[in-house]
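Values in this text are rule-based calculations from the coordinates and carry no lab data. Bear in mind that the values here come from a model prediction, so they are computed numbers and not experimental data. Backbone-built Cβ (ideal geometry, glycine too); neighbour counts: all protein chains shown.
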Amino acid sequence: MSVSAPLLTIDNLCFDFDGQTEKTVNALELSVKKGEIVCILGASGCGKTTVLNLIAGLLKPKSGSINMHAEAGKKNSIGYIFQSDPLFPWRTVEGNLMLAFDLNKSLDRNRAKETMQQYLSMFHLNSQILTKYPTQLSGGMRQRVSIIQSLMFDPELLLLDEPFSALDYYTKLSLEEEFCQLVKEKNKAAILVTHDIEEAVSMGTRAFIMSGGKLAREFHIKQETQGLDNTRGTEEFAKHYREIWSELKTIISG
Amino acid sequence: METSATTKLVFAQRLLYPLPMVVFVLVWHFFTQGNKERQFIFSSPEKVWEALERTIISGELLTNCQVTVTEAVAGFLLGTTIGAIIGLALWYSKLVAQISKPYITALATVPIFALAPVVISWFGIDIYSKIALAFLSTVSVAIVQSYQGAMSVEKRFLRLMQVAGATRWQTFRLVVVPSSIIWVLNAMKLNIGLALMGAFIGEFISSEHGLGYMIVKASGLYDQATVFAGVIALIVIALALTFVIEQIENRLMRWKTV
Ligand SMILES: Nc1ncnc2c1ncn2[C@@H]1O[C@H](COP(=O)(O)OP(=O)(O)OP(=O)(O)O)[C@@H](O)[C@H]1O
Ligand SMILES: [Mg+2]
């Protein structure tokens, strides 16, 4: 497969909840390549979470197609990171992180532990937290652990539904940075749903505004994912911000 | 400073625990003191103490306790285990759960007292009929509680397992069971009393051993003191068993208290 071939292609995707007159997702098109972070913005209730649920297979499309061009034989090609983390309170952090191993005993335990250590340092977590329980962690740590938990399944595409919105500003910034780094280094792809234009501009390679069940407007932000340090505060950044904001404003105000 | 203040407070609280009992015993004592008629009806702390002493020394109390505890614990273990397995397993099938719901409700609402004579005629007057009664008293609570536990598993956990491609069995084992444990423990706490009651009712109706038998026999002889001694033994047993459950709870729920 060539580098520029898409990892995910969505064609003419339609979905409505039973009994609803208007389609929540209406002829939606999208294709995502490895190394990309695609951001989706839009008014509350416009169907962003629904799109992620469809991609993750939690909902079945009414029509249209969602195709993952994952590596052959891969079981978990999609990871989903929710706004509220799904860490089991009765398991330690290590127990939570080793879930992928528990579900697939054919994995090598020591390899899994090595991978876990790698991710811990990538997300600046001390391995002392492994013996702690989720209730003993801060919000930022929990969200990091939950990201690592889904990375342990070695997915190629990560879906993120407002993952950083409950965090304080500085924690959010460093997590954004770490996440971009991860996508770049491990050559993953990500679809990030967010309400935060700044986040979309600083993290995204592309951003979309969802409206009327489609990705109505597309913004090309940069060629590939890069670190955040040098993007914020530039004229380029401000330009994208203004563009997206003016578009979003008109859509939200109806 | 603060810690010593809290220790003092805890100490004061400890002192308060026996207070209601002390007051009760004192009132009882002064109410019955020197009044033969009242002592006949209400007995008295002194007489109950004597009865306790007498039945302990003769071994009567301990043997009867042993019988009752064996019956209650056996019925409790059977009822709670089988009930929890059924209740959790109902998670597998909404249809089966719906069909069995009225039956479980029926089982839960039938007074065990009404069933006791029938059960005794089936299982005989030995220990088995009492175990059966303790089982019947506990199984429905265990089913209902653990089914509710299984159904109230947090959505995000189930979503995680679904995205991870977990099998239904994996989801059951890794998510449904551990997150329902607190419900099963609650069922256990309720069931201690119910199991004792079941066993006791069986003994009360027909038996030659156990605290129920001892109490029936004593009340037939208007020996209120021995009746109270039996009741006290029942209370102590219930408290001890509850303590055991609480220890188990503390172990299993350690993540809650860290
Ligand atoms: N389970 C459901 N049953 C029926 N309707 C639903 C269900 N879930 C969502 N909806 C509806 O579908 C629409 C899209 O919901 P969705 O959660 O995808 O929005 P969203 O863009 O993620 O919103 P937000 O930004 O507030 O999270 C909403 O109108 C919502 O009311
Ligand atoms: Mg949403």
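For this structure, a couple of remarks:
- Spread of Cα-to-Cα distances over 10 Å intervals beginning at zero, given as percent, for chain A: 7, 30, 36, 22, 6, 0
- Calculated FRET value between B:LYS155 and A:ALA5, using beta carbons and R₀ = 35 Å, to 0.05: 0.50
- Calculated translational diffusion coefficient of the range B:179-245 (20 °C, 1.002 mPa s; Stokes-Einstein with Kirkwood radius over alpha-carbon pairs) equals 166 µm²/s.
- Ranking of A:HIS195, A:HIS240 by neighbouring Cβ atoms within 10 Å, starting from the fewest: A:HIS195, A:HIS240.
- Cα-based equivalent ellipsoid of the range B:45-257: semi-axis lengths in Å, sorted from largest, via gyration tensor: 39, 20, 11
- Within 10 Å of each Cβ in A:75-84, the average number of Cβ atoms from other chains: 3
- Peptide A:131-138 - average C-beta neighbours from other chains (10 Å radius): 2
- Model label points for A:LYS184 and B:GLN148, set 7 angstrom from Cα along the Cα-to-Cβ axis, are 5.3 nm apart.
- Count, lysine Cα pairs under 29 Å in the range B:45-257, 8 or more residues apart or across chains: 11
- For the protein assembly as shown, taking the reciprocal of the average inverse distance between every pair of different Cα atoms yields a Kirkwood hydrodynamic radius of 28.0 Å.
- With the convex hull drawn over the C-alpha atoms of the range A:78-177, the volume per residue is 96 Å³.
- Computed over the range A:1-112, the Cα gyration tensor eigenvalues convert (square root of 5λ each) into semi-axes of 29, 20, 13 Å, ordered from largest to smallest.
- The mean of 1/r over all distinct Cα pairs in the range A:123-254, once inverted, gives the Kirkwood hydrodynamic radius of 16.1 Å.
- Beta bridges by DSSP in the protein assembly as shown, antiparallel share as percent, to the nearest 5: 45 percent
- Chain A: most fluctuating residue of A:LYS222, A:LYS113, A:LYS105 per GNM, C-alpha cutoff 10 Å: A:LYS105
- Note on chain A: antiparallel DSSP beta bridges, both residues inside, total approximately 45 percent of the bridges counted.
- Adding -39500 (n - 2.57) for every DSSP H run of four residues or longer, then dividing by how many residues chain A holds, sets the calculated 222 nm ellipticity at -10500 deg cm²/dmol.
- Inter-label distance, nm, simple model (7 Å from Cα along the C-beta direction), B:ASN35/B:LEU15: 3.2 nm
- For the residues A:GLU185, A:GLU36, A:GLU235, a GNM of chain A with alpha-carbon springs under 10 Å puts the largest fluctuation on A:GLU235.
- Non-local lysine pairs in the range A:1-156, meaning eight or more places apart or on different chains, with alpha-carbon distances under 20 Å, amount to 17.
- Adding -39500 (n - 2.57) for every DSSP H run of four residues or longer, then dividing by how many residues chain B holds, sets the calculated 222 nm ellipticity at -28000 deg cm²/dmol.
- Rounded tilt (10° steps) of B:45-57 against the dominant C-alpha axis of chain B: 70 degrees
- Two-site FRET efficiency, B:ALA108 against B:MET253, from Cβ-Cβ distance with R₀ of 25 Å, rounded to 0.05: 0.45
- Put a dot 7 Å past the Cα of A:GLN20, heading toward its Cβ, do the same for B:ILE99, and the two dots end up 3.5 nm apart.
- Taken about its Cα centre, chain A carries a charge dipole of roughly 500 debye when the Cβ of each Lys and Arg holds +1 and the Cβ of each Asp and Glu holds -1.
- Across peptide B:113-119, the average count of Cβ atoms from other chains found within 10 Å of a residue's Cβ is 0.
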